[in-house]
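Remarks on the structure that follows.
The values are calculated or read from the model by the stated rules, or taken from the named source; none is laboratory data. Given the structure is predicted, the values throughout are model-derived calculations rather than measurements. Cβ coordinates were reconstructed from backbone atoms using ideal geometry, including for glycine residues, and neighbour counts include every protein chain displayed. These accessible areas exclude ligands, DNA and RNA; they are computed on the full protein's heavy atoms, side chains included. Shrake-Rupley method; radii C 1.70, N 1.55, O 1.52, S 1.80 Å.
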Amino acid sequence: MIPTPPVVASGFRRAWALALGVLIVILAGPFLLLPTRLARVAEAWAALLFLALWVLMVALVIARLLWSTTAVFTWLERRLRSWVAWFAADPAGLWLHWTRQAHRSEMAHWCLEQAVAAGGAEAQFQHGLIFLEGSFGPSGQDAAMERFRQAADQGHPEAAFRLAEVLRTGAGQIIPDRAGAESWYLRSAGLGYGPAAAWLAHAYGLGDGVPADEVRARRWSEQAERLRPHPELSRSVLRHDAAPEDPLVRLVARTVHGMESLAARGVEYRAGRWSLLLGALVLGVALLGTFGWLIWAGSSSLFHLPLLMAASLLLLLGWQTRQLRADRPRSGRDRLLEAAGAGDPEACHRLGLAYRQGSPDRPRDDLSAALWFRKAADLGHREAMLALAEAYLGGHGVLRDPREAARWAEAARRESTS
């Protein structure tokens with residue numbers, strides 16, 4: 001997998017800075033009209049923002065009641081990424097960078113689809129790898145060749161090499177085409193790809209699929225030596241073992257784990273439970289005071305939108321209090337394992353992720369991860385289906401089985417469609 005160069009990464013950071021700066025100007029700019037005769041415009045804009053926040057709060061409350069807040073945050077993340085990509089000098093490269101950094105299968109697939117839609121050569125090549133490695137049958141091989149051809153036409157050397165390999169071997173139901181393979185090997189080697197030059201030296205030296213030619217064999221052998229060290233063949237960016245470890249994700253996971261461990265130890269003692277209760281009361285008073293000040297400051301001019309926002313948050317707070325009371329912690333209790341054992345598909349998926357990533361409480365165990373992914377997938381969890389497809393594709397905790405990977409990928413697609 002090709003790492004992101006520092007210069008390109010700095011360009012991505014500039015895209016983020018520009019997009020967020022423009023967004024802040026759009027959101028805060030109308031408030032500059034407050035001291036002018038157009039103050040009504042600013043007030044209407046404030047009311048619109050409060051309404052949007054209220055709708056978001058209501059959506060989060062409904063999602064929390066349905067134990068599915070991921071859909072809301074996924075929608076927000078997609079909108080934000082689309083906004084940032086609009087300001088990028090290389091949108092396809094930015095989408096592909098996000099594909100490599102994504103730690104959720106659904107988001108990685110979506111980012112790669114956006115990169116392909118943007119028309120980048122590397123994105124076309126990576127999309128072809130998915131069809132080639134996923135064993136999607138004849139239609140998948142045809143799609144892989146089409147993606148490789150599009151990437152090679154844009155100057156991607158490894159795509160030309162992979163296309164030549166498929167034409168030479170005639171994988172699956174593809175009819176071997178030695179002449180076509182030779183032309184793509186030549187194009188790949190001409191673009192500076194060492195493995196293609198090495199194969200041409202071998203082919204012309206032994207007459208493997210082409211007429212033997214010692215002069216051309218010697219020339220390509222010298223070219224292959226100049227191009228050393230030869231790069232390894234790329235793997236699909238959607239394989240979780242090929243994705244780089246995200247420092248931010250690791251830091252957040254460690255922080256959350258530390259807070260959960262501290263809370264679990266604290267509630268075992270009476271003083272800890274009283275401290276938690278006091279903190280909740282202080283937080284509740286602070287929130288109520290804040291909303292009370294908003295109401296006092298001008299609820300009438302804002303069409304009482306703060307009241308509506310407070311109602312949604314109070315509903316969420318009441319529901320959380322009820323859940324905490326029903327699932328109050330006890331010494332040695334593992335609520336995630338209990339929920340997964342009870343057949344909750346989201347809990348099974350989260351437990352599988354925990355075993356796949358590893359932690360001090362749950363050491364990494366690919367077999368356990370695959371088993372919990374399978375249980376969640378059998379219960380209709382789409383992301384678990386994709387995770388199970390990745391496990392079968394890479395042989396993580398299970399025997400490598402591309403056909404089984406393709407079956408679960410197709411099941412995830414049907415689940416998304418339904």
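Being in contact with a helix residue (DSSP H, G or I) (Cβ under 6 Å, 6 or more places away or on another chain), among the charged types (D, E, K, R) and in contact (Cβ under 8 Å) with a residue 40 or more places away in the chain: is that true of Arg187 here? It would help to see each step written out before you state the result.
Details: in contact with a helix residue (DSSP H, G or I) (Cβ under 6 Å, 6 or more places away or on another chain): yes; among the charged types (D, E, K, R): yes; in contact (Cβ under 8 Å) with a residue 40 or more places away in the chain: no.
When the stated conditions are applied, Arg187 does not pass them.
Write out, first by first residue and then by second, each pair whose Cβ atoms fall under 8 Å of each other, whose residues are 6+ apart or on separate chains, and whose first residue, in the range 352-379, is closer than 20 Å to Glu415 by Cβ while the second is open to solvent by 90 Å² or more (accessible area, probe 1.4 Å) and modelled with pLDDT of 90 or more.
Gly352/Leu371
Six or more apart or on different chains, Cβ under 6 Å: which pairs go from a residue in the range 390-418 that's in a loop (DSSP other than H, G, I, E, B) to one that's of a type outside the set (A, V, I, L, M, F, W, C)? Could you list them?
Sorted first by the residue in the range 390-418, then by its partner, the pairs are His396/Asp366; Gly397/Asp366; Val398/Tyr392; Asp401/Tyr392.
Does Leu49 meet the test of being over 30 Å from Arg413 (Cα atoms), hydrophobic (A, V, I, L, M, F, W, C) and either modelled with pLDDT under 80 or more than 28 Å from the chain's Cα centre (by Cα) (or both)?
So Leu49 fits the description; yes.
Taking the condition open to solvent by less than 50 Å² (accessible area, probe 1.4 Å), more than 22 Å from Leu23 (Cα to Cα), of a type in the set (Ser, Thr, Tyr) and at pLDDT 75 or above, does Thr74 pass? I'd like the intermediate steps shown before the answer.
Numbers: open to solvent by less than 50 Å² (accessible area, probe 1.4 Å): yes; more than 22 Å from Leu23 (Cα to Cα): no; of a type in the set (Ser, Thr, Tyr): yes; at pLDDT 75 or above: yes.
No: the conditions fail for Thr74.
Out of the residues in the range 145-176 that are within 18 Å of Val210 (Cβ to Cβ) and in contact (Cβ under 8 Å) with a residue 24 or more places away in the chain, which is most open to solvent (accessible area, probe 1.4 Å)?
Among those that are within 18 Å of Val210 (Cβ to Cβ) and in contact (Cβ under 8 Å) with a residue 24 or more places away in the chain, it is Arg168.
Can you run down the residue pairs with Cβ atoms below 7 Å, 6 or more apart or on separate chains, where the first is in the range 38-53 and over 24 Å from Leu76 (Cα atoms) and the partner is hydroxyl-bearing (Ser, Thr, Tyr)?
Note: pairs meeting the criteria are Glu43/Ser301.
Looking at (1) at pLDDT below 85; (2) open to solvent by less than 40 Å² (accessible area, probe 1.4 Å); (3) among the hydrophobic types (A, V, I, L, M, F, W, C), find the lone condition where Ala179 falls short.
Among (1) at pLDDT below 85; (2) open to solvent by less than 40 Å² (accessible area, probe 1.4 Å); (3) among the hydrophobic types (A, V, I, L, M, F, W, C), Ala179 violates only (2).
Scan (1) in contact (Cβ under 8 Å) with a residue 60 or more places away in the chain; (2) open to solvent by 30 Å² or more (accessible area, probe 1.4 Å) for the single condition Ala387 breaks and write down its number.
(2)
Which residue is modelled with the lowest pLDDT, if the candidates are limited to the range 327-341 and must be open to solvent by less than 70 Å² (accessible area, probe 1.4 Å) and not in a loop (DSSP other than H, G, I, E, B)?
Ranking the qualifying residues of the range 327-341, first place goes to Leu336.
Considering only residues that are touching a residue at least 24 places away in the same chain (Cβ under 8 Å) and within 14 Å of Ala181 (Cα to Cα), which ones fall in the range 201-220?
Of all residues in the range 201-220, those touching a residue at least 24 places away in the same chain (Cβ under 8 Å) come to 209-210, 220.
Gly209, Val210 - these are the residues of the range 201-220 that are touching a residue at least 24 places away in the same chain (Cβ under 8 Å) and within 14 Å of Ala181 (Cα to Cα).
Results for (1) touching a helix residue (DSSP H, G or I) at 6+ places or on another chain (Cβ under 6 Å); (2) under 24 Å from Gln126 (Cβ atoms); (3) β-branched (Val, Ile, Thr), shown as yes or no for each residue.
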position	(1), (2), (3)
Glu182	no, no, no
Val215	no, no, yes
Trp220	yes, no, no
Pro229	no, yes, no
Arg235	no, yes, no
